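The values are calculated or read from the model by the stated rules, or taken from the named source; none is laboratory data. Note that the coordinates shown come from a computational prediction; the quantities given were computed from them, not determined experimentally. Cβ: placed from backbone, ideal geometry, glycine included. Neighbour counts: every protein chain shown.
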Amino acid sequence: MKRHRNLLLPICIVLLSPFLIQCERSKRNIHDSSNSSQNNPFNSELSEKADNPSKSDPAISGPTSGNVVASYFVEWGVYPRDYHANMVPADKLTHLLYGFIAICGPNDSLEKDYPNGHAILEEQCQDQEDFTVVIHDKFAALEKPYPGEIKGNFGQLKKLKESHPNLKVLPSIGGWTLSDPFFELAKDPMLRARFVKSSIDFLKQYQIFDGLDIDWEFPGGDGSNESLGSEDDRDAYTYLMKDLREALDKLSQETGRNYELTSAVGSAPKKIKSVNYKEAAQYIDYVFAMTYDFYGAWNNELGHHTGLNSVDQEIHEDFSSAAAINNLLEAGVPANKLVMGFTMYGRGWTGVSGYKDNNPFTGVGNGPHKGTWEEEDPITAGVLDYKDIETNYLGGSEGTGIDGYSYFYDEKAEAPYLWNMTTGGLISYENPRSIKAKAAFAKSKNLAGMFAWSLDGDTGILLDAAVNGIKN
């Protein structure tokens, strides 16, 4: 019997902090950038260099073709997280996914969770048609000053690509609080055409990008907006991917560049069944399976939030990374297009009780554990960056737990956790050992590789574990 809503609150889209944006926004005037590509600092010889890198260029040292190592970089990371594009370890990545690009139109999910962020998006969309793409925080993306003449994340990414031309950088459109427009536009040929055209125009304007990542959460429903989702989404998703693929191929003919189309997808059985992957996968270069957030503090049922294997299907059902990958393969996603997710954060509960045999996962929680950023963003209660876990709960990368927390590793699930028996604090997270196990599984299935959410939460050792696991 299903007792929780799997993937109810995925991390890769809940961390949009519009009141952080609002704070920074009050310090400057936001102005719309020109839609013209003329005199655009992001249009340069970069596109030619990106598709024709010198094989002797010492900057090209990332994973080889077929060994995808990708990660998300978040637009709002430049605020209290203090993580900037010039900090990205590009030599270790094949792909960098920029989260998130918004879509003008109905965005009730954003308004509900982040009213300030919704007000900012409304301002950015004043001169835009509904169902066209737009930068959400233009200060972070285009205006934030850096040394020299570099401005914004896009300026930093341009410089990053100049030194790492093999790195593929994709704008991720949508996310947890920004997916509402997909449900309407994907079903309507006219609106879909408008969205596709605006996405192509975006790539023409900002030539630092090498394609598009679509993060529709989720076809069929069970996303942030409970009123959205229907069986019609199954075909609509395929139509959207087909139209985007055709438009990207046409753009490739015009520019001589290769543009990738990727999609971040849900991993619960219901979400997998809501997409016709046998048909849609032919249009997609990579499918990024969000094999995480299987459990979290949105309710008090306990489990490994990103475990490789299920521990007890009678208690916890078969929500696991391995099960999700197997289900996606069975649904028709080719192995060489499937990328397995891992996390640079954990999820936790407090007041765990009613457990048996000193196993906290047999008990129930009593609310979310203190999160790393919940003071700035209350919705992130129960979410802890790995670097926070390592420093304040584990006691170093080789630690065994501090301040009442003890380290454990579930060998069946291939998942670490920290447990404080006194307070009932429980943290489910990812470490190098669990990532190594996932990499071995990915290789055994001949998958395309692995990807992470998100770089600002890592000390560096988690990404290193993925790179070493995939390459070796």
Next on the checklist: Looking at segment 414-424 only, could you name the residues that are surrounded by fewer than 24 Cβ atoms within 10 Å (Cβ to Cβ) and either small (Gly, Ala, Ser) or without any contact (Cβ under 8 Å) to a residue 12 or more places away in the chain (or both)?
Outcome noted: Gly424
Checklist entry - Within the bounds of segment 258-266, is there any residue that is assigned to a loop (DSSP other than H, G, I, E, B) and within 21 Å of the chain's Cα centre (by Cα)? => result yes
Item to check | Residue ranges of helices (runs of 4 or more DSSP H) in segment 276-386 with at least 3 members more than 25 Å from Leu96 (Cα to Cα) and either of a type in the set (S, T, N, Q) or at pLDDT 95 or above (or both) | outcome: 321-331
Next on the checklist: Yes or no: segment 326-341 includes at least one residue that is of a type in the set (D, E, K, R), within 22 Å of the chain's Cα centre (by Cα) and farther than 30 Å from Thr459 by Cβ.
Outcome noted: yes
Checklist entry - Looking at Ile200, is it within 26 Å of Ser109 (Cβ to Cβ) and touching a residue at least 12 places away in the same chain (Cβ under 8 Å)? => result yes
Checklist outcome for this item: Within segment 364-400, residues being more than 19 Å from Gly457 (Cα to Cα) and surrounded by fewer than 19 Cβ atoms within 10 Å (Cβ to Cβ) number 4
Checklist entry - Can you tell me which residues in segment 431-452 are in contact with a Pro (Cβ under 7 Å, 6 or more places away or on another chain) and surrounded by 24 or more Cβ atoms within 10 Å (Cβ to Cβ)? => result Ser434
Checklist entry - Any idea which of Glu398, Glu375, Glu411 is without any contact (Cβ under 8 Å) to a residue 12 or more places away in the chain and within 15 Å of His304 (Cα to Cα)? => result Glu411
Next on the checklist: Among the listed residues Ile470, Ile427, Ile461, identify the single one that is surrounded by fewer than 22 Cβ atoms within 10 Å (Cβ to Cβ), among the β-branched types (Val, Ile, Thr) and within 24 Å of Ala322 (Cβ to Cβ).
Outcome noted: Ile461
Next on the checklist: Restricting to segment 415-459, count the residues that are touching a helix residue (DSSP H, G or I) at 6+ places or on another chain (Cβ under 9 Å), among the small types (Gly, Ala, Ser) and not in a strand (DSSP E or B).
Outcome noted: 9
Item to check | Residue list for segment 203-228, filter: free of Cβ contacts under 8 Å to residues at least 60 places away in the same chain and among the charged types (D, E, K, R) | outcome: Glu226
Next on the checklist: Scan segment 287-298 and tell me whether some residue there is in contact (Cβ under 8 Å) with a residue 12 or more places away in the chain, of a type in the set (Ser, Thr, Tyr) and within 24 Å of Ser444 (Cβ to Cβ).
Outcome noted: yes
